[in-house]
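Engineer: The structure is given below, and queries will be raised subsequently.
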């Protein structure tokens, strides 16, 4: 096989896997502490995309500042949703929290349909996001390199946060056993709020690269990254932060392999093959590739 083809496959997998890893990491940050599958996470990504669109089209603010504001918008929407939609129902059943996540999703979707437009809007990005670079005869989109480097830096920062800081150790303890962590003096509200803030910040970063790939934003766009995140965490492990990252890269590798190996007449069925693989993971390895704090319960 041509070495350039292999190198391009590796770079494409790393760039796509970086995006998927950040999506799944944002989901698992909240799930690990609250055992809550946040169905509004796609809208956490959609809101910063609209910030990129609105500031890019209607203002002359430099793009680096626009990108920072978009990430902060993700942080704000994550924090506000925890305070307003999830905290009041935290002492009730998990069903109430799931309904709240659906409610947040619907409110944001229909809110932006009414406030902006139900139609897709093009997001203006600087020229370097569309630029290519040539390395050893390979043409690589510059945004792919930026995505890989950004993800690597974020993963290093999160590793240091979780292992070297008091807050990170408290969050790890809460993810292992939240009740025991509270009895040991870990402040529940602080830990959960920080989890939502980190999740929202990751959504803001994802929005930049997801928006760059699609080039547009619309109120229903959150379903696609949410589905990607679910598949990645099923593969990697819903109970493990490292597992969610690994799952994102494995998902990207499988998706790229299917794109290269499937006949052109079968490419439209790639997602169906991915779901078959996910079902196999659920049947054969329900804890995912990395077990984490997984505990299996048999019902019936």
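No lab work stands behind these numbers, since they all come straight from the coordinates. What you see is a predicted model, and the numbers here were worked out from it, not measured in a lab. Cβ coordinates were reconstructed from backbone atoms using ideal geometry, including for glycine residues, and neighbour counts include every protein chain displayed.
Engineer: No solvent, one uniform scatterer per C-alpha: report log10 I(q)/I(0) for the stretch 1-69 via the Debye equation at q = 0.23 1/Å, two decimals.
Structural biologist: -0.96
Engineer: For labels at residue 35 and residue 189 in the simple 7 Å Cα→Cβ model, what's the distance in nm?
Structural biologist: Spacing of the two 7 Å Cα→Cβ label points: 2.4 nm.
Engineer: With each pseudo-label sitting 7 Å past Cα toward Cβ, what's the residue 3-residue 107 distance in nm, one decimal?
Structural biologist: 5.7
Engineer: Let me make sure I get this right: for the stretch 184-300, a, b and c are the square roots of the gyration tensor eigenvalues over alpha carbons, sorted descending. Under 1.5 in a/c it's rounded, otherwise prolate if a/b > b/c, else oblate. Which is it? Each step should come with its number before you reach the end.
Structural biologist: On the way: a/c = 2.45, a/b = 1.24, b/c = 1.98.
Judged from the Cα gyration tensor, the stretch 184-300 comes out oblate (a/c at least 1.5, b/c at or above a/b).
Engineer: What area, in nm² and to one decimal, does the C-alpha convex hull of the stretch 46-188 cast on average over all directions?
Structural biologist: Working: hull surface 50.1 nm².
Projected area, direction-averaged: 12.5 nm².
Engineer: OK, next. Do you know the relative contact order of the chain, to the nearest whole percent, from alpha carbon pairs under 8 angstrom that are 6+ apart? Intermediate values should be presented prior to the final figure.
Structural biologist: Numbers: 434 pairs, mean separation 101.8, N = 300.
It comes to 34 percent, rounded to a whole number.
Engineer: Using the Cα atoms of the stretch 1-127, I'd like the radius of gyration and the largest Cα-Cα distance, Dmax, both in angstrom.
Structural biologist: Computed over the Cα atoms of the stretch 1-127, radius of gyration and Dmax are 17.9, 58 Å.
Engineer: With the crude spin-label approximation of a point 7 Å out along Cα→Cβ, what separation in nm comes out for residue 166 versus residue 130?
Structural biologist: Placing both labels 7 Å beyond Cα along the Cβ direction yields 5.0 nm.
Engineer: Taking Rh as the Kirkwood radius computed over C-alpha pairs, what is the Stokes-Einstein D of the stretch 46-116 at 37 °C in a medium of viscosity 0.692 mPa s, expressed in µm² per second?
Structural biologist: Values: Rh = 13.5 Å.
Estimated diffusion coefficient is 243 µm²/s.
Engineer: Hey, can you rank 98-106, 209-217, 185-193, 275-283 by average C-beta count inside 10 Å, highest first?
Structural biologist: On the way: 98-106: 17.3, 209-217: 19.3, 185-193: 15.3, 275-283: 13.0.
The peptides rank, most packed first, as 209-217, 98-106, 185-193, 275-283.
Engineer: Show log10 I(q)/I(0) for the chain at q = 0.11 Å⁻¹, two decimals, from a solvent-free Debye sum over equal Cα scatterers.
Structural biologist: For the chain, the Cα-only Debye profile gives -0.69.
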